[in-house]
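Notes follow once the structure below has been shown.
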Amino acid sequence: MQRMLLLSTLASSMLFSLTGCGSFSLISKEQEIAMGREAAPKFEEEFGGPVEDAALQNYVSQVGQQMAAVSTRQGIPYEFGLLNSDVPNAFALPGGKIYITAGLLRAMTNERQLAGVLGHEVGHVAEKHSVEQIEKQVGAAVLLEIAATVIGGDTGEKAKAAGTIAANMAMLKYSREDEYEADKRGIDYTYRAGVNPYGVVELLEVLYKMNEQEPGSLGEMFQTHPLTSKRIEEAIAYIEEEYDSAKPDAPDPNAARFRNMQKRLK
């Protein structure tokens, strides 16, 4: 009880003193990475487990690492995986573990869309959105307790903490501001990596149309990643302002590779 009171007091004091100072987390980078690693197996299990195709996993990882290499937050062990769920979605665990579902890969039409969504998720990690949202859901003091447990707890305590993180990630809902920011980072990273940033816009448009044609079909993704027509407009405006050399109708040079990889899902 005294420990929790101390953590709560410490958290409140730190939050008060750093309000308005930009992205901030109460936990260290090492704790953030440990939280993600502990939660990953449970999280993967909840979404059907990894797709058992080494070529597909390597492909997703390769495209993801292109985005990670130009991220504004280095020193993080970014890892990318493809999960068996048919429901289109993408997730970023604390510390750099990033996943997309088979359902989302099926919904895409080219590789720059894949790069865009992985860049978007790298953006969530770079801006520490996952940690901040979990903190809001479970409370600052509880998050500190979880972080301490995954570093120094016994096996049973770590498993319980990992389950808490995984459960909160599955229900996590980013704010619209978080989504706008992650879209911008995805656009930045694709462009820096030599990929057409309009892939971000294209995938948003694909998902938006899917939801219009079959309302509720993307309920899970729209819950975790709010998507509106304004978000699409904001992404287009950002590209036009920052990267006006990019062309929305430019062909994807990796179209054949993408189609071959996508076919492996069937």
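Quick notes on this structure:
- Applying the criterion of being of a type in the set (D, E, K, R) and surrounded by fewer than 16 Cβ atoms within 10 Å (Cβ to Cβ) to the residues of the stretch 155-182, the residue that is nearest to residue 73 (Cα to Cα) is 177.
- Residue in the stretch 188-200 that is basic (Lys, Arg), modelled with pLDDT of 75 or more, buried (at least 16 other Cβ atoms within 10 Å of the Cβ) and touching a helix residue (DSSP H, G or I) at 6+ places or on another chain (Cβ under 6 Å) present: no
- Restricting attention to the stretch 251-266 and to residues that are exposed (fewer than 11 other Cβ atoms within 10 Å of the Cβ) and in a loop (DSSP other than H, G, I, E, B), the residue that is nearest to the chain's Cα centre (by Cα) turns out to be 266.
- Residue check, residue 125 hydrophobic (A, V, I, L, M, F, W, C), crowded, with 24+ Cβ neighbours inside 10 Å and free of Cβ contacts under 8 Å to residues at least 60 places away in the same chain: yes
- Yes/no for residue 155 being among the hydroxyl-bearing types (Ser, Thr, Tyr) and in contact (Cβ under 8 Å) with a residue 12 or more places away in the chain: no
- Residue selected from the stretch 140-195 under the condition touching a Lys or Arg at 6+ places or on another chain (Cβ under 6 Å) and among the small types (Gly, Ala, Ser), by the criterion nearest to residue 101 (Cα to Cα): 166
- Any hit, the stretch 71-80, residues being among the hydrophobic types (A, V, I, L, M, F, W, C) and surrounded by 21 or more Cβ atoms within 10 Å (Cβ to Cβ): yes
One line per residue, one yes/no per condition, for (1) closer than 18 Å to residue 120 by Cα; (2) in a loop (DSSP other than H, G, I, E, B); (3) out of contact with any helix residue (DSSP H, G or I) (no Cβ under 8 Å at 6 or more places or on another chain); (4) among the β-branched types (Val, Ile, Thr):
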{"position": "57", "(1), (2), (3), (4)": "no, no, yes, no"}
{"position": "60", "(1), (2), (3), (4)": "yes, no, no, yes"}
{"position": "65", "(1), (2), (3), (4)": "yes, no, yes, no"}
{"position": "71", "(1), (2), (3), (4)": "yes, yes, no, no"}
{"position": "81", "(1), (2), (3), (4)": "yes, no, no, no"}
{"position": "86", "(1), (2), (3), (4)": "no, yes, no, no"}
{"position": "91", "(1), (2), (3), (4)": "yes, no, no, no"}
{"position": "94", "(1), (2), (3), (4)": "yes, yes, no, no"}
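- Residue 117 vs. criteria surrounded by 24 or more Cβ atoms within 10 Å (Cβ to Cβ), farther than 21 Å from residue 158 by Cβ and either of a type in the set (Val, Ile, Thr) or touching a Pro at 6+ places or on another chain (Cβ under 8 Å) (or both): yes
- Answer residue from the stretch 96-114, given it is among the β-branched types (Val, Ile, Thr) and touching a strand residue (DSSP E or B) at 6+ places or on another chain (Cβ under 7 Å) and is surrounded by the most Cβ atoms within 10 Å (Cβ to Cβ) among those: 98
- Condition check for residue 172: aliphatic (A, V, I, L, M), closer than 23 Å to residue 68 by Cβ and touching a residue at least 24 places away in the same chain (Cβ under 8 Å): yes
- Residue 221 being aliphatic (A, V, I, L, M), at pLDDT below 75 and in a helix (DSSP H, G or I): yes
- Identity of the residue in the stretch 224-243, of a type outside the set (S, T, N, Q), assigned to a loop (DSSP other than H, G, I, E, B) and at pLDDT below 95, that ends up farthest from residue 169 (Cα to Cα): 227
- Counted residues, the stretch 67-106 - those being among the aromatic types (Phe, Trp, Tyr) and over 20 Å from residue 167 (Cα atoms): 1
The values are calculated or read from the model by the stated rules, or taken from the named source; none is laboratory data. Source: prediction; values computed, not measured. Positions of Cβ are backbone-derived with ideal geometry, glycine not excepted, and every protein chain shown enters the neighbour counts.
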